[in-house]
1. With unit charges on the beta carbons (Lys and Arg positive, Asp and Glu negative) and the dipole taken about the Cα centre of the chain, which residue among 136, 188, 6 sits farthest to the positive side?
2. Taking the alpha-carbon distance from residue 109 and a cut-off under 17 Å, which aspartates and glutamates remain once sequence neighbours fewer than 8 residues away in the same chain are dropped?
3. Lysine pairs in the range 1-93 with Cα distance under 19 Å, only those 8 or more apart or on different chains: how many are there?
4. Measure out, as a whole number of angstrom, how far apart the alpha-carbon centroids of the range 164-190 and the range 137-151 sit.
5. With a Förster radius of 22 Å, plug the Cβ-Cβ distance of residue 166 and residue 102 into 1/(1 + (r/R0)^6) and report the FRET value to the nearest 0.05.
6. Using only the heavy atoms of the protein chains and a 1.4 Å probe, how would 191, 149 rank by accessible area, largest first?
7. Rounded to the nearest 20 Debye, what is the dipole magnitude of the range 44-192 about its Cα centre when Lys and Arg each give +1 and Asp and Glu each give -1 at the C-beta?
8. Send over a whole-number figure in Å² for the accessible area per residue of the chain, probe 1.4 Å.
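The values are calculated or read from the model by the stated rules, or taken from the named source; none is laboratory data. Given the structure is predicted, the values throughout are model-derived calculations rather than measurements. Note: ideal-geometry Cβ built from the backbone for every residue, glycine included; neighbour counts use all protein chains shown. When the accessible area is computed, the model is the full protein with side chains, heavy atoms only, and any ligands, DNA or RNA have been set aside. Shrake-Rupley method; radii C 1.70, N 1.55, O 1.52, S 1.80 Å.
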Amino acid sequence: MKRVFIIHGWDGSPDEPMLRWLRRQLEEKDFAVISPGMPMPDAPEIGVWNERLNRLIKKPDEKTYFIGHSIGCQAILRYIEKLSLGIKIGGAVLIAPWINLKPEAFENKEAEEIAKPWLETPIYFDKIKNHLKKIICVFSDNDPFVPLSDKDIFKEKLGSEIIIEHKKGHFSGEDNIKELPVALNKLIEISQ
């Protein structure tokens, strides 16, 4: 059975409207969907999130897929880069993924400290690329936190297909995003 792991973002939860909608839609199409609440979502740590994914996923394979939102995308990439040689993942759809953040992302000093390891710890794209069959990155042209120029990094380093949505903000409930058909359709497409 095809499994999809939906990983929410910083200060997020699996109950966000867009993520709930994606889960329901995928379950209707007979995917086994796992959408966990990640530990300490208001202060995410790379090691803690990676350990959670390790415990959840157990045996990743070509029938394993991911959908990530924001820092959840980074968590997915950092999980994949640590997989053993030879393991192939079916694919990933990353919504508002980032390597860099705009200054607006840091509402206070605490937010800067939380983001610092995620921004400064290198991501080994070559390792990730060896494990992933297909990756799609979905950006918004008015994301207040993610610079649109990050799309070039994902395209160059991972060979990602890039999709730019118009005026979807950070794809959050605050942006009134309750559904994201492009993410659903792309996940279905790469799983066939």
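1. Of the options given, the answer is 188.
2. 11, 42, 45, 120
3. 12
4. Their Cα centres are 12 Å away from one another.
5. With a Förster radius of 22 Å, E is 0.75.
6. The most accessible residue leads, giving 149, 191.
7. 780
8. Heavy-atom SASA per residue in the chain reads 48 Å².
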